[in-house]
1. Here's a check for you: in the stretch 203-246, which residue that is open to solvent by 40 Å² or more (accessible area, probe 1.4 Å) and acidic (D, E) is farthest from I429 (Cα to Cα)?
2. I'd like to verify a number: residues in the stretch 384-401 that are farther than 20 Å from A46 by Cα and of a type in the set (V, I, T), how many?
3. Within the stretch 425-449, count every residue that is surrounded by fewer than 19 Cβ atoms within 10 Å (Cβ to Cβ) and part of a helix (DSSP H, G or I).
4. Can you find a residue in the stretch 271-294 that is at pLDDT 95 or above and more than 20 Å from K53 (Cα to Cα)?
5. List the residue pairs whose Cβ atoms are under 7 Å apart, where the first residue sits in the stretch 34-54 and is more than 16 Å from L134 (Cα to Cα), the second is among the acidic types (D, E), and the two are 6 or more positions apart or on different chains.
6. Hey, among the residues in the stretch 285-316 that are free of Cβ contacts under 8 Å to residues at least 40 places away in the same chain and in contact with a Ser or Thr (Cβ under 7 Å, 6 or more places away or on another chain), which one's least open to solvent (accessible area, probe 1.4 Å)?
7. How many residues, within the stretch 331-363, are within 30 Å of G57 (Cβ to Cβ), crowded, with 19+ Cβ neighbours inside 10 Å and over 19 Å from the mean Cα position of the chain (by Cα)?
8. Restricting the search to the stretch 190-226, which residues are among the aliphatic types (A, V, I, L, M), part of a helix (DSSP H, G or I) and either over 30 Å from Q254 (Cβ atoms) or free of Cβ contacts under 8 Å to residues at least 60 places away in the same chain (or both)?
Amino acid sequence: MVEFLFDPDPLAAFLLKGYAGTGKTSLVSALIHSAPALRIKTLLLAPTGRAAKVLSGYAGQPAYTIHKKIYQTVTDGSGTVRMARALNKHTYTLFIVDEASMIGLADEMGVGHHNLLEDLIDYVAEGSHCRLMLIGDTAQLPPVGATESPALDVQYLRTISQLKVHHYELTEVVRQQRFSGILLNATMLRVQISQLEEAEAPQLPLFDLSDCEDIARLPGADLEEVLHQVYGNDRLDQVAIITRSNKRANLFNQEIRNRVLFREEEVNAGDYLMVVKNNYYWLDADSGIGFIANGDIVEVQSLRNHQQLYGFHFVDATLRFVDYPDAPLQDCKLLLETLHSESPSLTREESQRLFDAVMEDYADLPHKADRLKALKSDPYYNALQIKFAYALTCHKTQGGQWETVIIDQGYLVDDMLDREYLRWLYTAITRATRQVYLLNFQDKFFSEK
């Protein structure tokens, strides 16, 4: 790292890889706190708001999403809002990007057709004497649709850019494992991941729960009782159930709201929701958040004005952005159809149906450009697409942390046991800071005590 910091090459960059417990957090925190003495400014970035919040917590200074920092919203003559890469006006700044395993080639956040990784590299290089440092864990899930994380691949970084990439991988677990069953079992999974070829099956058992208090098996019959316990004292935002599909997540969310939280309406004040599609309509461009991003978690403060229009259901809501504690409350219109959909957001057919129905309201405008401009400013067309945030798929939780994580094995046959399943398990387990419950896992996964 010292060689990197004082490398005279203006295109020097650093890639720090490390597994859970190997000291990435401590090392980066020490660098950030030492940087002022070296007359180096640091700016912290992460792929999601939740990941930025975690980074800010251990670094002791603000962190931002990559999208908020390197993109800006622009409006063309037709009223269409799009994202364009902003100018980097920083000087002598080290850009530290955590959770880099989540950065894909195609932009999973839905910002046009940008290549997020290349845009990030170009943005940093554009500044005067600015440098990039990427931090990530190769055992975690790669971006959706990818088999590996391109931002953690030294050769790929050198292929797509002129960067001189310094790199190091931390492999020795230095955090105390003896008192952490979570870390012990995550390490066991990671060792298998590193040893397996793509098509090979893992060697069972996967877990050792002997003398572990922070990781435990959970029979389905006991789930409701445990949820009542962990949701006590208004800790809804500190518990996550991680599942393998949106369908399973919907089932859990419905049962949790009905049987544990006793919520009777389709959505209630106090509910936690996750935004499932980027939205540029409701926030001003100069707001502290920038725009409402896919993956942002909000708490419903109040609801009013339920409406059925255009073949969809809407409600006006006042929201608190959980991962932006300093942001003011925000009024938005919610689209309720996505709450129970098995697709990640509105399907292509549903989106087209909403588009066509809203466009009919502007049929009196003579020019198509004027109709499109009116559509882009329509609050119903721009309603937030959301899902409940009690149970989530693993990709949706990546980059975040919760005190308690309940991992649902779900439907699993031997053919599904492979390296990617281990990466899914590893990522899910390492989302927890205090307690993991393994829900309905088969006996063969556990060593005998």
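1. Only one residue fits best here, namely D234.
2. 1
3. The initial filter retains those residues of the stretch 425-449 that are surrounded by fewer than 19 Cβ atoms within 10 Å (Cβ to Cβ), namely 433-434, 440, 442-449.
With part of a helix (DSSP H, G or I) added as a condition, the list becomes 443-445.
Number of matching residues: 3.
4. Yes.
5. The qualifying pairs are G49/D296; G49/D323; R50/D323; K53/D323.
6. Here the answer is S302.
7. The qualifying residues number 2.
8. V191, I193, A221, listed by residue number.
The values are calculated or read from the model by the stated rules, or taken from the named source; none is laboratory data. All values reported here derive from a predicted model rather than from experimental measurement. Here the Cβ is made from the backbone with ideal geometry for all residues, glycine too, and neighbour counts use every protein chain on show. Ligands, DNA and RNA are stripped out before the accessible areas are found, and what is left, the full protein with its side chains, is counted by its heavy atoms. Shrake-Rupley method; radii C 1.70, N 1.55, O 1.52, S 1.80 Å.
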